[in-house]
Amino acid sequence: MRWFGKIPSPADLAAGDEKAEAALRRTWSTPTGVLGALSTVDHKIIGRRYIATAFVFLMLGGVLALAMRLQLAFPEARFISADRYNQIFTVHGSNMMFLFAVPVMEAMAVYLVPLMVGTRNIAFPRLNAFSYWIFLAGGLLLWISLALDTAPDVGWFAYVPLAGPQYGPGKRADIWAQMITFTEVSALAVAVEIVVTVFKLRAPGMSLDRIPIFVWSMLVTAFLVIMAMPAIMLASSSLILDRLVGTQFFNPAEGGDALLWQHLFWFFGHPEVYIIFLPAVGMVSAMISTFTQRPTFGYLPLVLAMIATGVLAFGLWVHHMFVAGLPRVGSSFFTASSMAIAIPAGTQIFCWLATLWDGRPIFKTPMLFIIGFLITFVIGGLTGVMVASVPFDTQVHDTYFVVAHFHYVLIGGSVFPLIGAIYYWFPKMTGRMMSETLGRWAFGLIFTGFHLTFFPMHILGLQGMPRRVYTYPPELPWAGLNLFVSLSAVILAAGFLIFFIDVLRSVRHGPEAGSNPWNASTLEWAMPSPPPPYNFRHIPVVESREPLWTSGETLPVATGLRLDRRELIVSSVAAADPEAREASPADSIWPFLAAIATSIMLIASIFSPWAVIWGAIPVAITLTGWFWPKQTPEDES
Amino acid sequence: MKIAPACVLFLSGCAGTQSALDADGPSALALENLIILFVAVCGIVFVLVMGVMAWALVRSPGAPDRPRPQTERSMGRVVAGAVVATFVVITFLTAASFYATPGLDRGKADPPTILVRGQQWWWQFTYLDPDPARTFQTANELHIPVGTDVRLRLEASDVIHSFWVPNLTGKQDLVPGRENALTLHASKAGVYRGQCAEFCGLQHSHMALLVIAEEPDDHARWLEAQRGAAVLPADSEAAAGKLVFMSKPCAACHTIRGTEASGTTGPDLTHVGSRSMIAAGLLDNTRGSVAAWIADPQTLKPGNNMPLVPVSSEELRQLSAYMKALR
Ligand code: HEM
Ligand SMILES: [Cu+2]
């Protein structure tokens, strides 16, 4: 900190502030107009856009869920054909996992992490812009294919040989595989940005033990993404090669192996669940601290539990393959390791309960969603212990019991905290509060609707109803519960509808929020809402884990960054001592153009392998434009 | 070993056909007990955790004057205790599931006697015999004797399927290029429904099967009858149906032993008249539904691998008579 000179007094700061602020604003603002929108690299604009897009995909996926429930409401219903139904559940699952759950969590991080660690932009902002566009292209690919009736119909895990060239004719499975590539590229890019932002751009004084738990959760998540995604990219590329070029990775008749796909897929697919869940752990920890007005109990155990979850996540993919006929000894090992993951999960729950115990809960909407989360996630976790047992799993695998289990974990464990988080951070993102009344209605309907919809599915599964069936015979005892479930899904949908209405309404008409409406403790609340383009007028200096609670109104700050060009403080990994000033890239249209070029190449490659070769040319041109060296002010001086 | 009566009461509401909670064999019974044990233990854990949460929410301690190292320390001990308790419960449940696993592997030593082949979207059963002349095939209905282990060899010819008759035991996948095995054991006579449990394409929903468990004597009689070739129908309408069958593409895909029909794409029809369902559980085996199936298989089960074979209504009547005569 010596490097930046003395900490200035508030009076010193106030003096030159007006002019300094105008200069900062000029330096960091995004130009207006379409071109500005396409070339912005502001993490807040990209983050908001990313979150909004992911929620649109949530809504569309929800519509498909309702369509499935309509078809299943009555035995032998004929609202939806078998072919359409198979497309619908495949797109629902793929959409929810790849276009909603993972991206929305990363998008929250894109928006929040730089604010929480006290910097002015994310690391690699142009890559960040690129990752959004590529994600959007992947989403459009999937949804346009559904509109054209050529959507993938092989399930979100696309098992071979069903997804292979012989039994999956047409382009459907290719579209699935390529959609994966899009979303993985985008997820990997964001993960790298987050790791570097957290390690190198933290505000002076934010040592490792002062990082907010949400930021920890995103750091662990980012590492999971980096380690898990290559497996699925390998899998989807091999599938494309099998389908397009005639390789035989997965064809047993030619020495390939159908189970190889499952190993590769689940080596990614299981950690994927934690990629979705860990950010929620961070959100819950952040909110529970604010709504009890106490630091979250057990900082160290929570961080260690998240890391343990991340490590264990890679040791239990085989529990998705318990009935595939693998050797028993291996399965026993995976039973034990799958059960073991309950221990870090339990630790997290107990720490939150201790926080509730010691604090005085404030029952605002985000808190309601946390309570809903605790109830629902505990059930989902316990059914997780059940399916982790090999013998138990032989009865419930691929039945509605599993559908119930994973929706408890995904919706209860991630979507509830996420909606709470939207209520919580909405004022920071838009400057306005959402409605407390509508929030309570939304919570009530979503929570009740959810349990009425998904709890009975456990029973349906034990009664022998397999999943992914487009219809079922009336003689089996499933009809009553299915009708009940379908009706309940309408309640759930109504809750979501109210939530969406509340969001749309509050963006314009919500009451003004002020900088810290909940009296929270972390840095993102230290600036006006919504934050100015440069985030912090002065980079704060962090002296504790709850800077806004310990330092009151006046955070100590570091000065010394230039006003006339985009500069960030680069700090050391462990102690966050400032090490250097670094230029942050300016707005640029090239990431957008590069995303278009990449999308054309990837989509065309579904039709011909030559597209990879010809398509690489525009990609190379746009990348050159993107990285073309420019004269920076540094060179002038 | 029924634990926690309340829980049984709750779960018994679920019993019914094709239910994991309606066991009729030793293996399914072990699984049912394991399910009940897990549900009971997890139910207790859930109630405890929720109790603590509710208490924490309503107790509303005084103003949050941080920091309070005293409470922090005592809470730390409680949390650590809860983590240890979790560990103990988890270890217990893991041990219980290892204990239940051998039930699935009963009689692994015997050679499999029935080959189960999953096809899009029906089941082929081959009753193996060292003497090839005594080996025969049926489809979609598996007959087994009561009270003994029956070993199944599981294979798939196209994509992955999963053999699952929950009343008798847990499921096992059929994976192309691999050979899996499963032991069935029915402790009382009856008809058990099963269904493919791994998504296998367009008509996965309509890939059911029946396991018919019969007393050993009945079973022996059934085996003898199945081994025989089809008898020439005496009834003239059925006899005419046979001629239609042989002159149309039917014979290219189906086998009827004792005739020249020896196709292998579709199910073996030698004794189709004696089965209770057709089209993998889709329709009852009545003359009417057989006729409806032949007249339009693609509307009844869209996308299945049987093409529409154009026949006149006269021929349709004869064909359905022939099918029912094949007993
Ligand atoms: C809006 C409420 C939702 C309802 C009513 C719903 C309902 C359903 C239904 C009926 C299925 C099909 C089950 C089958 O045929 O096997 C399904 C599958 C699935 N759902 Fe949801 N769902 C909802 C939200 C979500 C969310 C938020 C996620 C993820 C974050 C999600 C992830 C999945 C996945 C991964 C599948 C499996 C798809 C496949 O089998 O390929 N769902 N859901
Ligand atoms: Cu199937």
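Bear in mind that the values in this text are calculations on the coordinates, not laboratory data. What you are looking at is a predicted structure, and each value in this text was computed from that prediction instead of being measured. Every residue, glycine among them, receives a Cβ derived from its backbone with ideal geometry; neighbour counts consider all protein chains shown.
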> Do any of A:44/A:630; A:19/A:44; B:188/B:301; B:242/B:301; A:19/A:428 go past 28 Å between their Cα atoms, and which?
Replying inline: B:188/B:301
> Say each of residue A:29 and residue B:55 gets a label point 7 Å from the Cα, pointing the same way as Cα to Cβ; how far apart are those two points in nm?
Replying inline: 5.8
> Quick one: Karplus J couplings for the range A:73-90, per residue in order, coefficients 6.51, -1.76, 1.60, θ = phi - 60°, nearest Hz, x for Gly and Pro?
Replying inline: 4, 10, x, 6, 5, 10, 5, 10, 6, 4, 5, 5, 4, 5, 5, 5, 6, 5
>> Could you give each residue of the range A:367-380 its phi-based ³J(HN,Hα) in whole Hz, using Karplus coefficients 6.51, -1.76, 1.60 with θ = phi - 60°, and x for Gly or Pro?
In response: 5, 4, 5, 5, 5, x, 4, 4, 4, 6, 5, 4, 5, x
>> Within 10 Å of each Cβ in A:256-267, how many Cβ atoms from other chains are there, averaged over the peptide?
In response: 2
>> How would A:146, A:72 line up from fewest to most surrounding beta-carbon atoms within 10 angstrom?
In response: A:146, A:72
>> Between the range A:58-72 and the range A:157-180, what is the separation of their alpha carbon centroids in Å?
In response: 22
> Given only helices, namely DSSP H runs of n ≥ 4 each adding -39500 (n - 2.57), what is the per-residue ellipticity at 222 nm of chain A, to the nearest 500 deg cm²/dmol?
Replying inline: -21000 deg cm²/dmol
>> Using a 10 Å cut-off around each Cβ of peptide B:199-210, what is the average number of partner chain Cβ atoms that fall inside?
In response: 6
> So who's got an amide H within less than 5 Å of the one on residue B:181, skipping anything under 5 residues away but keeping other chains? H placed 1.01 Å off N, in plane.
Replying inline: B:154
> If you find the alpha carbon centre of the range A:289-316 and of the range A:433-494, how far apart are they in angstrom?
Replying inline: 31
> How many percent of DSSP beta bridges within the protein assembly as shown run antiparallel, rounded to 5?
Replying inline: 80
>> Quick check: the distance between the Cα centres of the range B:155-199 and the range A:200-271, to the nearest angstrom?
In response: 32
>> Show me, for the range A:155-162, the HN-Hα J-couplings you get by feeding each phi into the Karplus relation (A = 6.51, B = -1.76, C = 1.60, θ = phi - 60°), rounded to Hz, glycine and proline as x.
In response: x, 6, 9, 6, 4, 7, x, 4
>> Let me see the P(r) profile for the protein assembly as shown: every Cα-Cα distance counted, bins of 20 Å, each bin given as a percent of all pairs.
In response: 13, 42, 31, 12, 3, 0
>> Taking only complete DSSP H runs, can you tell me which helices of chain B stretch 15 Å or more along their own long axis by Cα positions and average at least -1.0 on the Kyte-Doolittle scale?
In response: B:26-59, B:69-100, B:236-247, B:313-325
>> Counting only other residues whose beta carbon sits under 12 Å from that of residue A:150, what net charge do I get with K and R as +1, D and E as -1?
In response: -1
> Taking GluC sites (Glu not before Pro) that fall in a DSSP loop and have at most 15 other Cβ atoms within 10 Å as cut points, what is the longest piece of chain A between them?
Replying inline: A:77-474
> Long-range amide H contacts for residue A:581: which residues qualify at under 5 Å (H placed 1.01 Å from N, peptide plane, sequence gap of 5 or more or a different chain)?
Replying inline: A:570
>> Based on DSSP loop calls and a cut-off of at most 15 other Cβ atoms within 10 Å, the longest stretch of chain B free of exposed GluC sites (Glu not before Pro) is what?
In response: B:1-178
> Which of the aspartates and glutamates could be linked to residue A:364 by a straight reach, that is with a Cα gap under 14 Å, when you skip same-chain ones fewer than 8 residues away?
Replying inline: A:436
>> Net charge within 15 Å of residue A:136 by Cβ-Cβ distance, Lys/Arg positive one each and Asp/Glu negative one each, not counting residue A:136 itself?
In response: 0
> Which whole number of Å³ per residue matches the convex hull of the alpha-carbon atoms in the range A:219-269?
Replying inline: 56
> Using modelled backbone amide H atoms (1.01 Å from N, in-plane), which distant-in-sequence or interchain residues come within less than 5 Å of residue B:139's amide H?
Replying inline: B:125
>> Taking each residue in B:89-97, count the Cβ atoms of any other chain within 10 Å of its Cβ, then average. What number comes out?
In response: 6
>> Out of all DSSP beta bridges in chain B, what portion is antiparallel? Express it as a percent rounded to 5.
In response: 75
